[in-house]
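Below is one structure; the comments refer to it alone.
The values are calculated or read from the model by the stated rules, or taken from the named source; none is laboratory data. In this text the structure is predicted, and so the values were computed from the model without any measurement. Here the Cβ positions follow ideal geometry from the backbone for every residue, glycine too, while neighbour counts run over all protein chains shown. Heads up: the accessible areas ignore ligands, DNA and RNA and are worked out on the full protein's heavy atoms, side chains in. Shrake-Rupley method; radii C 1.70, N 1.55, O 1.52, S 1.80 Å.
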Amino acid sequence: MTEHKLKAALQTLGHTRALKDGEVKPQGYTLEFEEVPAIIQAFRRMVRGLEFEVSEMAITTYLCARAHHKAFTALPIFLVRGFHHGAILHNTKLGIRNPKDLEGKKVGVNRGYTVTTGVWARSVLRHEHGVDLDKITWVLSGDEHVAEFQPPANVVSIEKGKTLERLLTAGEIAACIGVQVEHADVAPLIPDAAERGFRLLEQSGHYPINHLLVVKDEVLRAHPELPARLFDAFVAAKQPYLEQLRAGSIAAPTKPDRMYQRVFEITGKDPLPYGVEANRPMLEALIGYAVEQHIISGPCAVEELFVPGTAALTG
């Protein structure tokens, strides 16, 4: 049987390693992976040039790309999860006593306004601390993957020659999302941030999605059987990793490994569930946040985000 070759971009993680190594393949297909220095570069190349036939992508980049009619569609395969309370740092010398004090001030966002970490972190400010996001000036260090996106009026670009890290330590911005800064005057805005995320998971099932998988539309039209075969392959690829998590047998666990292990301990369930229904609450929440934050113009049904016929897939 002839195998179709598909150019793909996917980072190597515990639950994707079997695909990257070729131990697991979609039936009838070979994924030819291009290694990129950072996976966000693949997002940009996919959005702007459709350079891959199958690609990992940040979920908010996908929402924005979909709103601008980019020629690819997602499968309900959710490759990266995370908690974002700890993504917000602030300058401790500026009298910021609580997140609400950020109103009227400048807050940095690493890279673009539509970066998924930024969206989830702003949702924490809005929904857990009552911050009016429209009363903050958001300062970006880069541009958007989706070039057509027009940010709201309270979003500005950083001055040439400056960095968010320097602005934060100098007190020129009050806080920043998505940067790493080691400085005596810089601290997490939300105390006990990591545990806060795990408590929300335990209390309400809040478990943010960061990345999913997209496939070029012309490939989907040519190969209608591909979505189900890709889905099955990704489900099969994560099984050895899940067994390692359950057994606690990962020899040198990474930060994501430790997070997924903790999620498993809290929920007793697969920490990387694929499929629409298992992830519907988080998908609906993210769509709502994207509307609130002026990234997309209005809500859509969760099913509209995915290749037709894939909503019933589970794994």
- Which one of Pro224, Gly171, Tyr274 has its Cα pushed farthest toward the positive end of the charge dipole of the chain, where Lys and Arg give +1 and Asp and Glu give -1 at the Cβ? Gly171
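By how many nm would the segment from Ala38 to Ala251 grow when fully extended, if each residue of separation counts as 0.36 nm and the alpha-carbon distance is taken off?
That pair, Ala38 and Ala251, stretches by 74.2 nm at full extension.
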- Simple spin-label estimate for Gln203/Gln27, 7 Å along Cα→Cβ, in nm, reads 4.6
- Just need the relative contact order of the chain here, percent rounded to a whole number, with Cα pairs under 8 Å and 6+ apart. 26
- Item | Theoretical gain in end-to-end length, Glu128 to Leu50 [0.36 nm per residue, Cα-Cα removed] | 24.3 nm
- Note on the structure: Quick tally, 1.4 Å probe accessible area for Lys135, Lys105, sorted with the most first, runs Lys135, Lys105
- Of the candidate values (1) 31, 26, 17; (2) 46, 23, 20; (3) 34, 23, 18, the one computed for semi-axes √(5λ) of the Cα gyration tensor in Å from this structure is (3)
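Please give the FRET efficiency for Ser157 paired with Arg221, using the beta carbon to beta carbon distance and R0 = 45 Å, rounded to the nearest 0.05.
After rounding to 0.05, the efficiency reads 0.75.
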- Query: If Lys and Arg each add +1 and Asp and Glu each add -1, what is the summed charge of the other residues whose beta carbon sits under 13 Å from the beta carbon of Ile295?
  - Reply: -1
- Long pairs among Lys70/Lys160; Lys93/Lys162; Lys70/Lys135; Lys20/Lys255, criterion Cα-Cα beyond 23 Å: Lys70/Lys160; Lys70/Lys135
- Message: Contact order normalised by length for segment 230-315, with contacts defined as Cα pairs under 8 Å and 6 or more residues apart; what percent is it?
- Response: 30
- Item | Taking all pairs of distinct alpha-carbon atoms in segment 32-178, Kirkwood radius in angstrom | 16.4
- Query: Just how much of Leu272 is accessible, in Å², when a 1.4 Å probe is used and the result is rounded to the nearest 10?
  - Reply: 0
- Task: Determine the relative contact order of segment 33-158: mean sequence separation of Cα pairs under 8 Å and six or more apart, normalised by residue count, in whole percent.
- Result: 26
- Message: What Kirkwood Rh does segment 1-87 have if only Cα atoms enter the pairwise 1/r average? Answer in Å.
- Response: 14.2
- How big is segment 165-315 by the Kirkwood estimate over distinct Cα pairs, in Å? 18.7
